[in-house]
Structures are given as C-alpha cells and as structure tokens.
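For reference, the structure is listed below as structure tokens.
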Amino acid sequence: MLEKAKLRLRITTDALDNDIQQLIDEAETDLNRIGISKGNALYTGAVLCYVQANFGNNPDREKLMDSYHMFIIRLKGQRQEADT
C-alpha cells in the first residue's frame, strides 16, 4: 500500500515513507474500527483518498475527506449486502 500511496502523492523519495505509512495506518485503523476489512479496490481507494487528504497541507482536504466518507458508505453497503 505504501508504494500505491507514494504514486498517488507523486513522491519518488523514501524520505517521507514513515509519514506516509502513518497515514495509511490511520486510515486502515479507522476502516477496521467500523468493521470494514481489507480485500477490494474500494478499500484501497478509501485508504489512498485518506492519505492524499491528510498529507501535507492539501488545499483540497475537505473535498478529499468527503470522498473518503463516500468510500466508507459504499464499503458499508457492500458489507451489508454480503451479510444478507
């Protein structure tokens, strides 16, 4: 996931890997907290969206966090469909 996040952020150096990994861990913890587990492209998209929103001082943070929350809604719907 780290390499995907770096690609999304257009970062080629390894100097910021710890910061990026921290954001990945935050997103994954948040998703796991609400019962969403790894396993599909929507999960990956949500994590990458969270990382992009929270890395540095992104002027589009609010819009990206809205997108992150939309990913969560879609993932929760997927989970409910699987449970029935």
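Checking each residue in region 40-72 for being over 13 Å from the mean Cα position of the chain (by Cα) and not basic (Lys, Arg) picks out 56, 57, 58, 59, 60, 62.
Could you say which residue among 33, 8 is within 25 Å of residue 77 (Cβ to Cβ) and surrounded by 14 or more Cβ atoms within 10 Å (Cβ to Cβ)?
Answer to the check: 8.
Do we have residue 3 as modelled with pLDDT of 95 or more and loosely packed, with under 13 Cβ neighbours inside 10 Å here?
Working: modelled with pLDDT of 95 or more: yes; loosely packed, with under 13 Cβ neighbours inside 10 Å: yes.
Yes, satisfied.
Of all residues in region 1-58, those being among the polar types (S, T, N, Q), in contact (Cβ under 8 Å) with a residue 24 or more places away in the chain and part of a helix (DSSP H, G or I) number 3.
How about region 36-53: which of its residues are surrounded by fewer than 19 Cβ atoms within 10 Å (Cβ to Cβ) and either touching a strand residue (DSSP E or B) at 6+ places or on another chain (Cβ under 8 Å) or closer than 14 Å to residue 8 by Cβ (or both)?
Going residue by residue through region 36-53, those that are surrounded by fewer than 19 Cβ atoms within 10 Å (Cβ to Cβ) are 37-42, 44-45.
The answer is 41, 44, 45.
The values are calculated or read from the model by the stated rules, or taken from the named source; none is laboratory data. What you see is a predicted model; the values in this text were computed from it and never measured. Cβ atoms come from the backbone with ideal geometry, glycine included; neighbour counts cover every protein chain shown.
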